[in-house]
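Below: one structure, written as structure tokens.
The values are calculated or read from the model by the stated rules, or taken from the named source; none is laboratory data. Computed from a prediction, not measured in an experiment: that's the story for all the values here. Cβ sites come from the backbone with ideal geometry, for glycine too, and all protein chains shown count toward neighbours.
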Amino acid sequence: MHDWWTMLPKERRKPAAADSAIRQGRKDLPWLGILPAQAAQAVLKTYYRAWVNCWEGRTAAPDFKGRIRSRVAIDIPQGRDLQIVRLNRRWGRMWVPKIGHILFRWTRYLPVGKHADRENRVTGARLVKEADGWHVVFRVQSQASEPAPHAGPAVGIDRGIARPLALSDGTFRDHGPWLSHGEAERLRRLVKTQERRRRARKPGEKNSRRLTRTYNQIAQLRATAKRRAVDWQHKTTTEIAETFSRIGMEDLAITNMVRSARGTKETPGRNVRQKAGLNRAIAAEAWGRTVKMLECKSADRGGGVVKVPAPNTSRRSSACGLTAPGNRETQVRFVCKNPGCGFEGNADTNAGRNIDHAAGQAVSGRGDFGATRSAKRQPPTRPHAA
């Protein structure tokens, strides 16, 4: 299919032409005819979207991907084929074409049976293989009412590493390590075992079963850590979205922040190991995922997220507005150098207050802010009443 597509002229590369080729291929190739037609159409839709992204200059041309870098998944685009039945409080059953009935854990409400209608129903599903096993993701269509404006207070949030979320009201949202001491030690030993077995493998030689098993064990532990991190993010962002109406966040260029400091052979970087550790810590906090969760949950509750410029939020005094490099004495303590101010406090809380000020100026006079707004090109923030 990929070879046939790349041989076509660009003006003939249309989904209709590829759909006709797939229909003919299902007649000529028995193994292709076994697959559900909707699954093949879903793959075609994704494939064509990748080419559109390439033509618009957002990414490179699609190409074959190695199996080890692929996410094994099965699409079931038609909800009527699922035949979902709830067996008890914990378990449900669904039908997968060409596979049969499978059981899944019932973890949230699904509009099936007498609860389903034209406006509230399951429209499809996707089976995804993760490191800890198979998961099913249902696509649900539901009728949602317009949320009422949120009546809660406003808040500014500063994201960090030592304190993941520092709010302008002086509170923090912290978490512990995602892996226990025993799990972290086991992961460290597995990584050492992986490197030892990789060195024993000859170039171009296929992975041994022991090395593959070690890969799987490492992936399972890292998947456990990610599930715990996502669970904490969901619970924390839900609580924040339900409490506050306007949520100010820094508009951070996270991709630039986690770039390597290695440099080139001619101009090598400095403090490369320290920067690599900082990059891993930033990536582990998943700041971008936190913002996306807050955007979705705030909009559903009548609130909104406002992004403000990041420069000087940690060096500006929230009491008098003075910006000075020496204001932040340490990573934790903030002391204003203005003799007439003398404000002292937690550095992250001070940054959260500055973010809240900038977010307030960004939406002043605009009324409803249910959608995410950017506060770029805003004037300096006004002082905070300490």
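Residue-level check: of (1) out of contact with any Asp or Glu (no Cβ under 6 Å at 6 or more places or on another chain); (2) surrounded by 15 or more Cβ atoms within 10 Å (Cβ to Cβ); (3) assigned by TED's automatic domain parsing to the domain that holds Lys292, Ala166 misses just (1).
Does Ala16 satisfy being in a loop (DSSP other than H, G, I, E, B), free of Cβ contacts under 8 Å to residues at least 40 places away in the same chain and exposed (fewer than 10 other Cβ atoms within 10 Å of the Cβ)?
Details: in a loop (DSSP other than H, G, I, E, B): no; free of Cβ contacts under 8 Å to residues at least 40 places away in the same chain: yes; exposed (fewer than 10 other Cβ atoms within 10 Å of the Cβ): yes.
Spelling it out, it is not the case that Ala16 is in a loop (DSSP other than H, G, I, E, B), free of Cβ contacts under 8 Å to residues at least 40 places away in the same chain and exposed (fewer than 10 other Cβ atoms within 10 Å of the Cβ).
For the range 48-62, the set of residues classified as small (Gly, Ala, Ser) and either outside the structural domain of Ala17 (by TED's automatic domain parsing) or in a helix (DSSP H, G or I) (or both) consists of Ala50 only.
Of the residues examined, Arg89 is one that is among the charged types (D, E, K, R) and surrounded by fewer than 13 Cβ atoms within 10 Å (Cβ to Cβ). A count restricted to the range 299-322 and to residues that are of a type in the set (Lys, Arg) and either under 24 Å from the mean Cα position of the chain (by Cα) or not assigned by TED's automatic domain parsing to the domain that holds Asp251 (or both) stands at 2.
The residues of the range 170-179 that are of a type outside the set (A, V, I, L, M), at pLDDT 90 or above and touching a helix residue (DSSP H, G or I) at 6+ places or on another chain (Cβ under 8 Å), listed by number, are Phe172, Arg173, His175, Pro177, Trp178.
Counting only strands (runs of 3 or more DSSP E) that sit wholly inside the range 90-142, those with at least 2 residues that are under 26 Å from the mean Cα position of the chain (by Cα), without any contact (Cβ under 8 Å) to a residue 12 or more places away in the chain and under 20 Å from Ala42 (Cβ atoms) are 133-141.
Run down Val155, Val140, Val191 and say which single residue is closer than 30 Å to Ile99 by Cβ and either hydrophobic (A, V, I, L, M, F, W, C) or assigned by TED's automatic domain parsing to the domain that holds Glu295 (or both).
Details: Val155 fails: closer than 30 Å to Ile99 by Cβ; Val191 fails: closer than 30 Å to Ile99 by Cβ.
Within the list Val155, Val140, Val191, the selection yields Val140.
Taking the range 180-217 as the range and being at pLDDT below 95, surrounded by 15 or more Cβ atoms within 10 Å (Cβ to Cβ) and not polar (S, T, N, Q) as the test, the residues that pass are Arg197, Leu211, Tyr215.
Considering each residue of the range 146-166, count those that are of a type in the set (Gly, Ala, Ser) and under 26 Å from Ala229 (Cα atoms), and give that number.
At the first step, the residues of the range 146-166 found to be of a type in the set (Gly, Ala, Ser) are 148, 151-152, 154, 156, 160, 162, 166.
Right, trim to under 26 Å from Ala229 (Cα atoms) and you get 154, 156, 160, 162, 166.
Number satisfying all stated conditions: 5.
The residues listed here are Pro147, Pro153; of these, the one that is modelled with pLDDT of 90 or more and closer than 30 Å to Thr313 by Cβ is Pro153. Within the range 122-173, the set of residues being in contact with a Gly (Cβ under 6 Å, 6 or more places away or on another chain) and farther than 22 Å from Arg289 by Cα comprises Val122, Thr123, Gly124, Pro147, Ala148, Pro149, His150. Surrounded by fewer than 18 Cβ atoms within 10 Å (Cβ to Cβ), assigned to a loop (DSSP other than H, G, I, E, B) and either in contact with a Leu (Cβ under 8 Å, 6 or more places away or on another chain) or modelled with pLDDT of 80 or more (or both): is that true of Lys376 in this structure? The answer is no for Lys376. Regarding Trp51, is this residue aromatic (Phe, Trp, Tyr), modelled with pLDDT of 75 or more and touching a strand residue (DSSP E or B) at 6+ places or on another chain (Cβ under 7 Å)? Taking the combined requirement at face value, the residue does not satisfy it. The set of residues in the range 262-298 that are within 19 Å of the chain's Cα centre (by Cα), over 30 Å from Pro153 (Cα atoms) and surrounded by 15 or more Cβ atoms within 10 Å (Cβ to Cβ) contains only Asn279. Scanning the range 74-89 for residues that are farther than 22 Å from Lys129 by Cβ and outside any loop (DSSP other than H, G, I, E, B) yields Arg80, Val85, Arg86. Scan the range 315-359 for residues that are of a type outside the set (S, T, N, Q), in contact (Cβ under 8 Å) with a residue 40 or more places away in the chain and either buried (at least 21 other Cβ atoms within 10 Å of the Cβ) or out of contact with any strand residue (DSSP E or B) (no Cβ under 9 Å at 6 or more places or on another chain) (or both) and the total you get is 12.
In the range 119-149, what count of residues is obtained for those that are among the hydrophobic types (A, V, I, L, M, F, W, C) and more than 19 Å from Asp75 (Cα to Cα)?
Looking only at the range 119-149, we keep the residues that are among the hydrophobic types (A, V, I, L, M, F, W, C), and these are 122, 125, 127-128, 131, 134, 136-138, 140, 144, 148.
Applying the additional criterion that residues be more than 19 Å from Asp75 (Cα to Cα) yields 144, 148.
Total satisfying the criteria: 2.
Quick check on my filter: what residues within the range 65-89 are over 25 Å from the mean Cα position of the chain (by Cα) and either at pLDDT 85 or above or not polar (S, T, N, Q) (or both)? Write out each step before concluding.
Let us first name the residues in the range 65-89 that are over 25 Å from the mean Cα position of the chain (by Cα), namely 78-89.
Selection gives Gly79, Arg80, Asp81, Leu82, Gln83, Ile84, Val85, Arg86, Leu87, Asn88, Arg89.
In the set (1) part of a loop (DSSP other than H, G, I, E, B); (2) surrounded by 11 or more Cβ atoms within 10 Å (Cβ to Cβ); (3) in contact (Cβ under 8 Å) with a residue 40 or more places away in the chain, Arg71 fails one condition alone, (2).
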